[in-house]
Amino acid sequence: MCAEETQDALKYVQKTFLKWWSKGEEKMSAGYVGKVLRVDLSSGKTSSVDLNSQWARLFIGGKGLGAKYLYEELKPRTDPLSPDNVFVVMTGPLAGTTAPCTPKYAIFTKSPLTGAFLDSYIGGYLGAELKFAGFDAVIVKGKAEKPVYLWISDGEAEVRDAEDLWGLDIHETEKRLKEELDDREIKVAAIGPAGENLVKIACVTVDLYRQAGRGGLGAVWGSKNLKAIAVRGHQAVSVPNIEEFIELCKDITKTDVLTEDNLWAKTDGTPGFLPMTQEGGILPTRNFQMGVFEHATEIDSEAIKKKMLVRRRACYGCPLGCGNISHIKYGPFADTVVEGPEYETLALSGSNCYISDLEAITRYNLLCDKLGLDTISTGDAIAFAMECYEKGIITKRDTNGLELTFGNAEAYIEMPNLIAYRKAIGNILAEGVKRAAEKIGKKSERFAVHVKGLEYPGYEPRGSIGMALAYATADRGACHLRAWPANSEVFGDMDPFTTEGKAQLVIDDQNLYCAKWSLVVCDFYAIGYKNIARLCSAATGWKLSEDDMKIIGERIWNLIRMFNVREGFTRKDDSLPYRISHDPLQGGKADGHVVKPEDFNKMLDEYYKLREWDNEGRPTKKKLEELGLL
Ligand code: SF4
């Protein structure tokens with residue numbers, strides 16, 4: 001099944017890339033299309049402008065170039081839900097080529113959940129399609145008077161009426177747009193009712209099952225009355241030497257992608273992490289009270305394979321194909337078809353809510369996908385509410401009559417609707433756990449687990465102390481995709497309880513991920529600087545070394561730190577949640593552990609020093625000059 005899906009994805013890439021490239025009709029900058037689409041939703045006007053080639057040389061694409069455009073386009077201290085907020089859709093020089101594991105693109109904005117920088121990376125097919133449609137990037141400002149969607153096709157763009165789409169779920173929206181535009185190959189990004197209702201944990205969903213999940217991007221689109229973006233293109237992406245480029249891609253695929261280390265993606269996908277975090281004692285359980293889940297084997301990758309996996313799904317050009325298509329055929333949730341559940345959904349919306357019913361989690365996953373909710377933040381918000389309920393802080397009067405206890409799947413399955421439509425307790429949870437705790441009070445902030453307002457993901461720091469620093473210093477709030485020390489501490493041979501060497505480990509990851517996402521390589525391909533430099537050079541024609549890419553990675557991280565400094569973030573925001581520092585973890589290998597504030601501060605001091613930032617976490621003038629940022 002996996003092999004067929006992957007073969008289909010590869011055939012699609014070869015057919016499109018080679019056919020269009022060989023036409024030789026277009027004269028474009030290598031790797032880049034060279035165009036940015038600007039959209040002002042207030043006036044309904046669109047225009048095509050040249051991509052800033054100097055910025056591209058300094059920041060490449062994806063994370064770097066998207067952050068640079070956002071930094072320059074957005075006025076400091078802008079209300080994230082005002083028309084003045086901006087979002088940028090950015091591809092990279094590899095999007096739409098045959099380079100392995102590079103289907104992704106990113107969307108950048110100021111987060112309504114955190115007030116900080118927000119970037120979200122999305123798989124699927126839309127990134128390549130945007131290049132085929134003649135744009136490297138899209139920059140959107142303003143607010144439409146009525147619901148609209150943006151139609152992008154072969155170098156043209158138009159803001160169109162979407163009143164008849166407003167209120168529809170995401171799957172129905174995509175279906176209707178394909179019918180209206182009479183083309184099944186159109187790629188669609190859309191929001192659901194959660195985004196329309198300005199839920200701050202709302203996502204944007206693309207190609208039905210791929211999300212720009214974290215930080216409330218869906219609410220930013222909702223605030224602009226933007227229901228969807230639909231894209232179709234037939235243009236080429238050029239590279240300097242097609243034969244050499246294809247040989248390089250084949251070589252890297254064989255020697256670096258389709259290796260033993262990456263087999264998990266093909267055989268299990270991300271649910272394969274669950275037995276590992278359970279074994280390591282870092283699986284969030286009962287709102288981060290425990291590090292192991294007694295029912296873990298009922299919701300892990302083997303359970304998925306046995307009960308519901310029907311086929312694998314791959315993003316554009318990906319030989320790994322990590323997606324699991326699950327189908328529940330019988331019982332109360334019959335006819336549920338979804339890509340997932342992924343590890344983060346199983347952890348935060350499964351064990352963290354103490355839900356052991358895999359079919360209920362899968363149905364919930366589908367509900368979140370259709371309504372447009374991030375399953376990490378939504379799971380954490382529900383787990384937080386469950387603890388409030390069990391402590392008597394909230395009652396059935398708040399929950400619409402639901403018995404909202406840990407493990408109660410019947411109540412749990414009702415929660416996505418309450419949150420997306422802002423009903424009862426859902427209206428408070430729609431603001432995320434930080435604001436919910438501030439509103440609810442009664443010391444509930446002591447078990448609201450977040451950094452900068454972004455809820456914790458699925459790796460418990462009391463059993464992997466480096467994760468506490470990784471979450472605290474991540475640019476968009478608590479995020480496991482900016483640095484992942486658990487890989488060395490829990491799945492490798494580093495001591496997970498000592499602070500020794502953790503600051504450097506986090507910095508190395510953050511810089512490497514910045515370089516990798518400037519291209520935009522998938523998180524699941526553990527690419528190193530050498531192949532980043534080879535691929536980037538082959539696509540753009542620039543001669544880039546490993547050292548060049550290291551500097552670019554560090555430059556990007558510092559630029560984004562300056563964005564957050566400009567927004568008023570300081571050391572106090574690089575924080576450790578009360579629960580993680582005060583409540584001993586229960587169960588598993590880290591039983592009884594906390595992350596002591598003095599240990600955390602020691603790591604943070606060392607981190608700032610190694611970064612050459614001041615004690616408040618501000619990059620020094622010397623560092624900014626050295627990186628070409630001043
Ligand atoms: S590894 Fe998975 S998420 Fe990454 S590009 Fe491949 S299919 Fe998409």
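The values are calculated or read from the model by the stated rules, or taken from the named source; none is laboratory data. Quick caveat, the model's predicted, so the values are computed rather than measured. FYI the Cβ positions are ideal-geometry reconstructions off the backbone, even for glycines, and counts take in every protein chain you see. Heads up: the accessible areas ignore ligands, DNA and RNA and are worked out on the full protein's heavy atoms, side chains in. Shrake-Rupley method; radii C 1.70, N 1.55, O 1.52, S 1.80 Å.
Remarks
- Remark: pairs (first residue in the stretch 406-419, closer than 14 Å to Arg286 by Cα; second residue open to solvent by 20 Å² or more (accessible area, probe 1.4 Å); Cβ separation under 6 Å; 6+ apart in sequence or on different chains) = Phe406/Arg286; Phe406/Tyr354; Gly407/Tyr354; Ala409/Asp357.
- Residue within the stretch 87-104 that is under 30 Å from Pro319 (Cα atoms), among the hydroxyl-bearing types (Ser, Thr, Tyr) and assigned to a strand (DSSP E or B) present: no
- Taken over the stretch 467-491, the residue count meeting the criterion of being over 19 Å from Lys200 (Cβ atoms) and either open to solvent by 10 Å² or more (accessible area, probe 1.4 Å) or out of contact with any strand residue (DSSP E or B) (no Cβ under 6 Å at 6 or more places or on another chain) (or both) is 17.
- Residue match in the stretch 548-556 (condition: aliphatic (A, V, I, L, M), over 22 Å from the mean Cα position of the chain (by Cα), modelled with pLDDT of 95 or more and open to solvent by 10 Å² or more (accessible area, probe 1.4 Å)): yes
- Only one entry of Glu156, Glu172, Glu129 meets the criterion of being within 16 Å of the ligand (Cβ to nearest atom), modelled with pLDDT of 95 or more and at negative phi, and that entry is Glu129.
- Leading residue by the ranking (surrounded by the fewest Cβ atoms within 10 Å (Cβ to Cβ)) among those in the stretch 609-629 that are among the basic types (Lys, Arg) and closer than 13 Å to Ile507 by Cα: Lys609
- Per-region count, the stretch 179-229, residues touching a residue at least 12 places away in the same chain (Cβ under 8 Å) and outside any loop (DSSP other than H, G, I, E, B): 26
- Unique match (being open to solvent by 10 Å² or more (accessible area, probe 1.4 Å) and under 24 Å from the mean Cα position of the chain (by Cα)) among Leu418, Leu454: Leu418
- Whichever residue in the stretch 333-344 is more than 14 Å from the ligand (Cβ to nearest atom), closer than 30 Å to Ala95 by Cα and outside any loop (DSSP other than H, G, I, E, B) and, among such residues, is most open to solvent (accessible area, probe 1.4 Å): Val337
- Residues (over 16 Å from Lys307 (Cα atoms) and either open to solvent by 10 Å² or more (accessible area, probe 1.4 Å) or in a helix (DSSP H, G or I) (or both)) located in the stretch 345-363: Thr345, Ala347, Leu348, Ser351, Asn352, Cys353, Tyr354
- Scan of the stretch 529-550 for residues that are touching a residue at least 40 places away in the same chain (Cβ under 8 Å) and part of a loop (DSSP other than H, G, I, E, B), ordered by number: Gly541, Trp542
- Matching residues in the stretch 291-325 - criterion: being open to solvent by 30 Å² or more (accessible area, probe 1.4 Å) and within 18 Å of Gln211 (Cα to Cα): Arg313
- Lone unmet requirement of (1) more than 30 Å from Glu279 (Cα to Cα); (2) open to solvent by 20 Å² or more (accessible area, probe 1.4 Å); (3) in a helix (DSSP H, G or I); (4) of a type in the set (A, V, I, L, M, F, W, C) for Leu505: (1)
- First in the stretch 303-332 and within 21 Å of Asp256 (Cα to Cα) and within 15 Å of the ligand (Cβ to nearest atom), second anywhere and among the charged types (D, E, K, R) and assigned to a strand (DSSP E or B), Cβ under 8 Å, 6 or more apart: Arg313/Glu339; Cys315/Arg210; Gly321/Arg312; Gly321/Arg313; Cys322/Arg312; Gly323/Arg312; Gly323/Arg313; Gly323/Glu339
- Of the residues making up the stretch 90-112, just one is away from the ligand (no atom under 16 Å from the Cβ) and open to solvent by 10 Å² or more (accessible area, probe 1.4 Å), namely Lys110.
- Among residues of the stretch 377-399 that are closer than 14 Å to Ile428 by Cα and part of a helix (DSSP H, G or I), those with a beta-carbon under 8 Å from a residue that is of a type in the set (D, E, K, R) and open to solvent by less than 30 Å² (accessible area, probe 1.4 Å) at least six positions away or on a different chain give the pairs Ser377/Arg214; Ser377/Glu455; Asp380/Glu455; Ala381/Glu455.
- Filtered residue count, the stretch 113-142, keeping only those that are hydroxyl-bearing (Ser, Thr, Tyr) and either assigned to a strand (DSSP E or B) or open to solvent by less than 10 Å² (accessible area, probe 1.4 Å) (or both): 2
- Scope the stretch 271-290; condition open to solvent by 10 Å² or more (accessible area, probe 1.4 Å) and within 16 Å of the ligand (Cβ to nearest atom); matching residues: Gly272, Phe273
- Counted residues, the stretch 435-450 - those being under 26 Å from the mean Cα position of the chain (by Cα) and in a loop (DSSP other than H, G, I, E, B): 2
- Lone unmet requirement of (1) on the phi < 0 side of the Ramachandran plot; (2) in a loop (DSSP other than H, G, I, E, B) for Gly321: (1)
- Residue among Gly216, Gly222 that is modelled with pLDDT of 95 or more, touching a Gly at 6+ places or on another chain (Cβ under 7 Å) and not aliphatic (A, V, I, L, M): Gly222
- In the set Val520, Val490, only one residue is touching a Pro at 6+ places or on another chain (Cβ under 6 Å) and within 23 Å of Thr375 (Cβ to Cβ); that residue is Val490.
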